[in-house]
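As structure tokens, the structure follows; a few thoughts come after it.
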Amino acid sequence: MAGRLLLVCRLLVRDLRRRPIETILLVVAISAATGTLTLGLALNDVADRPYERTRAATAGPDVVARPHTTGQRALAALAPLTTSAGVTGHSGPYPVAFLVMTAHGRTVHTVVEGRDTAPARVDRPVVTEGTWVRPGGVVVERAFADALGVRAGDEVGVDGRRLRVLGTAVTTARPTYPYAGWIDPDSALVERGGLVWVHRADIATLAGARPLSYTLNLELADPDAGAAFVDSATTLHAGELSTWQGIAEQDGRLVADAREALLVGSWLLAALSIAGVTGVVAGRVVGRRRRVGLLKAVGAGPAMVAVVHLAEYLVIGLAAAGIGLAAGLLAAPALIRPSAGLLGVVDTRPPALSTVVAAVSLAVVIATAATLVPVVRAAFASTIHALADAATPPRRRRWRVRLSRRLPVTLLIGIRVNARRPRRARLVTVNTLITTTVLVAVLMNHAQDEPFDLGYTDLVDPRAERTDQALLVLTVVLGVLALLNAVVTTWTAVLDARRPLAVARTLGATPAQAGLGLGVAQLLPAIPGVAAGIPVGLGLYTIVGPGELRYPPDSWLLATALGVLLVGAALTAVPAMVAARRPVADALGSTPA
Amino acid sequence: MTESVLRARGLTRRYGRGSGMVRAVDEVDLSVPAGESLAIMGPSGCGKSTLLHLLGGLQRPTAGRVWLAGRRLDTMSERSLARLRRDSVGFVFQSFHLMDELTAVENVELAALLAGRSPRQARRRAGYLLDRVGLADRADHLPSALSGGQRQRVAVARALSNEPLVVLADEPTGNLDSAATLEILRLFEDLRTEGQTLVVVTHDSRIAAIADRMITMRDGAFADDSRLAVTAPVHGGWR
Ligand SMILES: Nc1ncnc2c1ncn2[C@@H]1O[C@H](COP(=O)(O)OP(=O)(O)OP(=O)(O)O)[C@@H](O)[C@H]1O
Ligand SMILES: [Mg+2]
């Protein structure tokens with residue numbers, strides 16, 4: 001047993017060391033997919049933890065009540081709640097006005113809450129800069145302050161009245177900006193806006209003629225019984241009741257789109273990664289066949305042959321899983337930019353077990369999916385055939401060969417090169433299909449970008465901002481993977497086609513024709529990929545995207561399609577030209593017949 | 001007469017079908033007693049390699065039966081065949097077939113490790129065998145740093161690793177110049193003297209000359225089977 005283990009490890013180590021570039025390519029391809037998946041899964045986790053930490057620090061309420069009515073009727077509706085069964089404490093009711101605030105020349109919807117200077121029993125916002133409320137000043141919720149760019153000491157106008165910013169604070173009694181729950185007094189519709197606190201004595205003046213709303217914070221004996229409490233309290237007609245879990249979820253919405261984009265994206269990347277790994281593995285199979293024959297000749301059974309081969313890809317897969325996990329977890333806090341509305345740095349350590357399991361499984365699935373077929377085939381291949389050093393004889397597609405006889409030389413060479421290796425041509429198709437799909441989905445997302453209405457000013461939508469960041473990450477990772485795949489397939493095509501091209505040149509094809517032919521060989525299978533990628537990308541976005549959709553102009557789609565093809569062609573051109581310029585005799589001599 | 005180590009009855013291997021069918025090995029009967037060294041000669045394409053592969057369980061016959069040490073090979077599972085190859089058969093190929101990424105000694109101990117020997121046992125045996133083929137000082141060289149003759153001697157050492165019942169060699173000197181051929185020749189002669197059962201396919205009459213018995217093949221069948229009484233003329237000439 002020890003001896004066999006030694007053998008497996010020895011072959012593994014030697015092989016990894018002998019082909020560092022291929023090993024790196026494989027690791028990059030697999031870790032790209034696992035990294036993106038980790039990022040998507042971690043965002044979920046990341047979004048929850050700061051909320052809970054802030055809730056603990058601010059004595060956050062278990063349930064918040066907001067009556068639909070105003071003034072005395074609102075206070076009357078809230079009164080029975082404080083004595084309901086299960087309620088162990090409360091703060092408020094606090095007066096609330098839905099106003100507009102002007103800061104640095106921008107006017108935005110603002111929920112203004114009147115508070116006392118003394119800390120309350122429930123919901124004690126933690127001051128992160130400056131001081132807590134006192135008459136004549138305003139404290140701005142931190143994420144809101146962040147978006148507006150205001151600091152303690154700045155001056156803002158609330159409904160035309162000038163107030164000094166005393167500080168910034170965080171709370172968990174309301175979702176952070178922009179989901180503070182601003183209610184349009186005319187339509188009663190909830191719109192996006194931020195939260196500020198003023199002294200209770202100031203609010204009537206600020207609200208002017210407008211009737212005041214109220215909010216009441218409740219503490220329950222059992223913080224997890226919020227939902228049951230809300231159900232039982234409906235008979236009291238106290239207005240809208242929100243549990244802390246509901247508020248946390250709304251905070252999480254900030255990253256919901258980003259998360260979805262990353263999760264869907266990670267599956268696409270996984271497919272791309274499988275395509276890439278398959279390409280690399282296929283390139284090594286030729287070299288592997290001889291080793292398989294040899295192992296079998298000295299008495300290795302099918303299981304041993306399979307283990308020797310799988311072990312390597314498994315190790316690569318696990319290494320890539322580790323790298324992907326680390327990269328995803330490191331990138332997650334940066335992407336979520338610890339929502340300024342919540343306390344503390346985002347801490348993803350230790351990662352959730354489910355995230356680790358998912359990332360490792362994905363890596364192992366990619367590694368084995370791409371290698372299983374060649375490994376199984378190798379394990380049961382005829383020893384003699386394997387030892388003969390022969391690669392699978394190129395398949396001839398008779399119709400293609402016949403068709404190509406009528407075509408110009410370049411096209412003819414291109415078609416024949418692909419007819420030799422249909423599987424590689426399919427990889428090119430998959431590669432361009434996925435690339436185009438993601439690019440089109442990103443374009444679709446871009447087309448949805450609408451001005452973010454915060455009353456009178458356009459401010460960046462933090463949710464869209466995060467989605468854009470996620471898509472940017474996705475696009476960059478995808479770009480790297482797609483380029484990598486393109487280089488791998490081109491290069492294996494070049495190596496594989498050296499001899500036939502050399503033969504073509506002895507028969508009179510010019511180096512330029514041969515090189516272009518190789519380029520055409522890569523371009524031809526890319527065309528269906530690009531053509532299919534456009535509807536697939538549009539369809540995908542339709543499935544996961546928001547309800548009402550706007551479509552990007554046709555010219556953008558066309559430009560994307562042409563761009564993918566052009567980049568592909570450019571990538572192919574260099575190695576193809578280099579290969580085509582080599583002297584014919586060299587090429588003829590360099591590969592075994 | 002001693003018990004046959006290798007025995008074949010009506011052994012046949014065909015390739016292709018219909019008019020394109022090739023009878024690579026055609027109804028061959030053979031028996032190789034323990035300790036015999038047998039040379040197989042014949043024109044290119046007459047089926048020598050195919051016969052050797054059938055005898056060593058590297059390939060399955062289309063028809064007929066093969067026994068190695070009394071066990072039927074043609075009906076064995078792939079796993080049992082693999083076990084049989086590592087325990088009872090040693091192969092030597094024309095193109096050496098060493099693993100490029102393993103050193104000489106690692107190549108030699110490959111079979112022993114596969115057979116489940118402990119790393120230390122395997123290393124000791126490999127060291128002994130390399131010494132035997134005169135390459136003790138090259139143990140840690142990669143095949144790429146060895147001459148053709150040296151590579152083939154490593155391959156012979158590997159074939160002997162598990163003390164096989166029979167060594168099957170397919171044109172072991174086919175890729176070697178005459179000096180290297182002599183080295184291999186000497187090695188095979190030693191094996192013969194020690195009573196190692198040997199089947200060698202060769203084009204080289206010097207190799208054939210050290211055998212106890214020579215078979216000539218033509219079109220997949222035996223054309224001539226003769227017992228050689230004389231010892232090889234080269235013997236002693238350079239010993
Ligand atoms: N995989 C195969 N498919 C079809 N025919 C084959 C195959 N392998 C061998 N043959 C044919 O079987 C016959 C015997 O081949 P074999 O390799 O055994 O000959 P050989 O005597 O070893 O020749 P050489 O001395 O050239 O090595 C040949 O005619 C060959 O063409
Ligand atoms: Mg042969």
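The values are calculated or read from the model by the stated rules, or taken from the named source; none is laboratory data. Keep in mind the model is a prediction, meaning the values are calculated, not measured. Neighbour counts are summed over all protein chains in view; Cβ atoms, including those assigned to glycine, are modelled from backbone coordinates with ideal geometry. Side chains are part of the model used for accessible areas, which takes the heavy atoms of the whole protein and leaves out ligands, DNA and RNA. Shrake-Rupley method; radii C 1.70, N 1.55, O 1.52, S 1.80 Å.
From the set of residues in region B:19-76 that are of a type outside the set (A, V, I, L, M) and under 22 Å from B:Glu194 (Cα atoms), which is nearest to ligand 1 (Cβ to nearest atom)?
If we take residues in region B:19-76 being of a type outside the set (A, V, I, L, M) and under 22 Å from B:Glu194 (Cα atoms), then B:Gly56 is nearest to ligand 1 (Cβ to nearest atom).
Within region B:89-117, how many residues are more than 9 Å from chain A (Cβ to nearest Cβ) and assigned to a loop (DSSP other than H, G, I, E, B)?
Total meeting the criteria: 3.
Out of the residues in region B:34-82 that are free of Cβ contacts under 8 Å to residues at least 60 places away in the same chain and in a strand (DSSP E or B), which is surrounded by the fewest Cβ atoms within 10 Å (Cβ to Cβ)?
My answer is B:Arg72.
Just need a number here: residues in region B:158-181 that are within 14 Å of chain A (Cβ to nearest Cβ) and away from ligand 1 (no atom under 16 Å from the Cβ).
10
Here is a list of conditions, (1) at pLDDT 80 or above; (2) surrounded by fewer than 19 Cβ atoms within 10 Å (Cβ to Cβ); (3) out of contact with any Leu (no Cβ under 9 Å at 6 or more places or on another chain); (4) within 14 Å of chain B (Cβ to nearest Cβ), and A:Arg4 meets all of them except one; can you say which number that is?
Condition (3) is where A:Arg4 drops out.
Taking the conditions exactly as written (open to solvent by less than 50 Å² (accessible area, probe 1.4 Å), modelled with pLDDT under 70 and away from ligand 2 (no atom under 16 Å from the Cβ)), does A:Thr348 satisfy them or not?
Criteria met by A:Thr348.
Conditions: (1) closer than 30 Å to B:Cys46 by Cβ; (2) touching a residue at least 60 places away in the same chain (Cβ under 8 Å). B:Leu182 meets all but one. Number of the miss?
Evaluating B:Leu182 over (1) closer than 30 Å to B:Cys46 by Cβ; (2) touching a residue at least 60 places away in the same chain (Cβ under 8 Å) leaves (2) as the failure.
Quick check: anything in region B:198-210 under 29 Å from B:Arg23 (Cα atoms), touching a Gly at 6+ places or on another chain (Cβ under 9 Å) and within 13 Å of chain A (Cβ to nearest Cβ)?
The answer is no; no qualifying residue exists.
Please state which one of B:Leu55, B:Leu68 is within 16 Å of ligand 2 (Cβ to nearest atom) and either more than 13 Å from every other protein chain (Cβ to nearest Cβ) or out of contact with any Pro (no Cβ under 8 Å at 6 or more places or on another chain) (or both).
Only one candidate passes the filter, namely B:Leu55.
Inside region B:118-133, can you point out the residues that are at the interface with chain A (Cβ under 7 Å from one of its Cβ atoms) and buried (at least 21 other Cβ atoms within 10 Å of the Cβ)?
B:Ala122
Considering each residue of region A:463-504, count those that are among the acidic types (Asp, Glu) and buried (at least 24 other Cβ atoms within 10 Å of the Cβ), and give that number.
0
Would you be able to say whether some residue in region A:532-539 is over 24 Å from the mean Cα position of the chain (by Cα) and open to solvent by less than 60 Å² (accessible area, probe 1.4 Å)?
Scanning region A:532-539, I find no residue that is over 24 Å from the mean Cα position of the chain (by Cα) and open to solvent by less than 60 Å² (accessible area, probe 1.4 Å), so the answer is no.
If B:Leu98 passes every condition in (1) more than 15 Å from ligand 1 (Cβ to nearest atom); (2) at pLDDT below 90; (3) surrounded by fewer than 16 Cβ atoms within 10 Å (Cβ to Cβ) but one, which one does it miss?
All conditions pass for B:Leu98, except number (3).
Would you confirm, using the coordinates I've provided, whether B:Leu142 is open to solvent by less than 10 Å² (accessible area, probe 1.4 Å) and modelled with pLDDT of 90 or more?
Judged against the criteria, B:Leu142 is not a match.
So which of A:Ala321, A:Ala327 ends up being at pLDDT 80 or above and either more than 18 Å from the chain's Cα centre (by Cα) or surrounded by fewer than 20 Cβ atoms within 10 Å (Cβ to Cβ) (or both)?
Being at pLDDT 80 or above and either more than 18 Å from the chain's Cα centre (by Cα) or surrounded by fewer than 20 Cβ atoms within 10 Å (Cβ to Cβ) (or both) holds for just one of A:Ala321, A:Ala327, which is A:Ala327.
Quick one: which of A:Gly293, A:Gly299, A:Gly265 is on the phi > 0 side of the Ramachandran plot, open to solvent by less than 30 Å² (accessible area, probe 1.4 Å) and either without any contact (Cβ under 8 Å) to a residue 12 or more places away in the chain or not aromatic (Phe, Trp, Tyr) (or both)?
Exactly one of A:Gly293, A:Gly299, A:Gly265 is on the phi > 0 side of the Ramachandran plot, open to solvent by less than 30 Å² (accessible area, probe 1.4 Å) and either without any contact (Cβ under 8 Å) to a residue 12 or more places away in the chain or not aromatic (Phe, Trp, Tyr) (or both), namely A:Gly299.
Please state which of the following conditions B:Arg86 fails to meet, knowing it meets all the rest: (1) more than 16 Å from ligand 2 (Cβ to nearest atom); (2) in contact with a helix residue (DSSP H, G or I) (Cβ under 7 Å, 6 or more places away or on another chain); (3) not in a helix (DSSP H, G or I).
(3)
Cβ-Cβ under 8 Å, sequence separation 6+ or interchain: first residue in region A:304-328 and within 14 Å of chain B (Cβ to nearest Cβ) and within 13 Å of A:Thr371 (Cβ to Cβ), partner among the hydrophobic types (A, V, I, L, M, F, W, C) and not in a helix (DSSP H, G or I). Which pairs?
That search, which allows pairs on different chains as well, returns A:Val308/A:Ala300.
So for region B:26-39 (the condition being within 12 Å of ligand 2 (Cβ to nearest atom) and not acidic (Asp, Glu)), does at least one residue qualify?
Scanning region B:26-39 turns up no residue that is within 12 Å of ligand 2 (Cβ to nearest atom) and not acidic (Asp, Glu).
Over 16 Å from the mean Cα position of the chain (by Cα) and either over 20 Å from B:Leu187 (Cβ atoms) or away from ligand 1 (no atom under 12 Å from the Cβ) (or both) - does that describe any residue in region B:83-90?
yes
Tell me, yes or no, whether region A:13-25 has at least one residue that is open to solvent by less than 50 Å² (accessible area, probe 1.4 Å) and more than 14 Å from every other protein chain (Cβ to nearest Cβ).
Yes, the conditions are met somewhere in region A:13-25.
Somewhere in region B:152-172, is a residue over 24 Å from B:Val32 (Cβ atoms) and open to solvent by 60 Å² or more (accessible area, probe 1.4 Å)?
No, that holds for no residue.
Looking at this structure, is B:Arg9 open to solvent by 10 Å² or more (accessible area, probe 1.4 Å), closer than 23 Å to A:Ala381 by Cα, touching a Gly at 6+ places or on another chain (Cβ under 7 Å) and away from ligand 2 (no atom under 16 Å from the Cβ)?
Answer is no for this residue.
Filter region B:182-209 down to residues that are modelled with pLDDT of 90 or more and of a type in the set (S, T, N, Q) and give me whichever is farthest from ligand 1 (Cβ to nearest atom).
Filtering region B:182-209 for residues that are modelled with pLDDT of 90 or more and of a type in the set (S, T, N, Q), the one farthest from ligand 1 (Cβ to nearest atom) comes out as B:Thr193.
Residues being open to solvent by 60 Å² or more (accessible area, probe 1.4 Å) and part of a strand (DSSP E or B): count how many of those fall in region B:208-221.
1
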